[in-house]
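All remarks here apply to the structure that follows.
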Amino acid sequence: MSDSTLLYDLPTVTVRRTIVSDMANNVYLITHKGHGAQILIDAADDAPAIQRLLSDASHDADVPPRLCLIATTHSHWDHIRALAEITVQTGVPTAVGREDAASIKEETGVGIDRLLDHGDVLDADGLILTAVHLRGHTPGSMAYILEAGPSTLIFSGDSLFPGGVGNTGGDPARFISLLNDVQERLFDVYPLDSAVLPGHGEATTLGSERSELSLWRERGW
């Protein structure tokens, strides 16, 4: 059973979410109100639920919306189970961190159209996201940054959650890599009121989590 919600109704964009699978994955849909361009973040599972999400956004723009891109945060199986089906249904290009592309193709058969490096800009007909490479959860894990007027939204995948960074398999080197990237590439760059929209669970803000960074580093997870 999926849950479809309008999370943000900002001056230039809307952001909708559906929750899918037994892993309660968040699938996000960004729609530009002016020209209807859309980016889907993580075709995690349940293609019919994702199609309903697209349908729910049919009146979010001044013109008929159109999906332009599927951006995947990382290669773990629970974030890509509907990628092949949605790609076939919509015919839109895909984007993912360079280091995760091969494993996604092996798992799903989907070739990735845009291989992303840190700082790359995704421009879907004027709907713009910045890719931030957060190394540690997977080699190519990406967060996607949407700057919409005064609002900054960070789609963090499984790299940052309320209460800590993502799972690094008990590997101290991976944990330090991820925590350093999260601190240097998110907390030190974006405003503290930036919303963090993770791959599972509810949103937080950078400001709500910042004071805990030293605790996370000390506890090692």
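The values are calculated or read from the model by the stated rules, or taken from the named source; none is laboratory data. Everything numeric in this text was worked out from a predicted model, so none of it was measured. All Cβ positions, glycine included, derive from the backbone under ideal geometry; neighbour counts span all protein chains shown. SASA here: full protein model, heavy atoms, side chains in, ligands and nucleic acids out. Shrake-Rupley method; radii C 1.70, N 1.55, O 1.52, S 1.80 Å.
Annotations
- Inspection of segment 175-189 identifies no residue that is under 20 Å from Met23 (Cβ atoms), in contact with a helix residue (DSSP H, G or I) (Cβ under 9 Å, 6 or more places away or on another chain) and either surrounded by fewer than 19 Cβ atoms within 10 Å (Cβ to Cβ) or touching a residue at least 12 places away in the same chain (Cβ under 8 Å) (or both).
- Criterion (within 15 Å of the chain's Cα centre (by Cα) and modelled with pLDDT of 95 or more) met by exactly one of Leu192, Leu213, Leu186: Leu186
- Residues satisfying the stated conditions in segment 87-105, i.e. in a helix (DSSP H, G or I) and surrounded by fewer than 22 Cβ atoms within 10 Å (Cβ to Cβ): Thr87, Val88, Gln89, Thr90, Arg98, Glu99, Ala102, Ser103, Lys105
- Scanning segment 71-86 for residues that are part of a helix (DSSP H, G or I) and either among the small types (Gly, Ala, Ser) or buried (at least 16 other Cβ atoms within 10 Å of the Cβ) (or both) yields Asp78, His79, Leu83, Ala84, Glu85, Ile86.
- Candidate set from segment 149-174 (those that are among the hydrophobic types (A, V, I, L, M, F, W, C) and open to solvent by 10 Å² or more (accessible area, probe 1.4 Å)); member that is nearest to Arg217 (Cα to Cα): Val165
- The criterion of at least 2 residues that are in contact with a Leu (Cβ under 8 Å, 6 or more places away or on another chain) and closer than 20 Å to Asn26 by Cα is met by the following strands (runs of 3 or more DSSP E) wholly inside segment 115-174: 127-133, 142-148, 151-157.
- Exactly one residue out of Asp22, Asp45 is part of a loop (DSSP other than H, G, I, E, B), open to solvent by 10 Å² or more (accessible area, probe 1.4 Å) and under 17 Å from Glu85 (Cα atoms): that is Asp45.
- Flag if His32 is in contact with a Ser or Thr (Cβ under 6 Å, 6 or more places away or on another chain) and either open to solvent by less than 10 Å² (accessible area, probe 1.4 Å) or over 24 Å from Gly166 (Cα atoms) (or both): no
- When Thr130, Thr108, Thr138 are checked against the criterion of being open to solvent by less than 40 Å² (accessible area, probe 1.4 Å), among the hydroxyl-bearing types (Ser, Thr, Tyr) and farther than 20 Å from Arg185 by Cβ, a single residue qualifies: Thr108.
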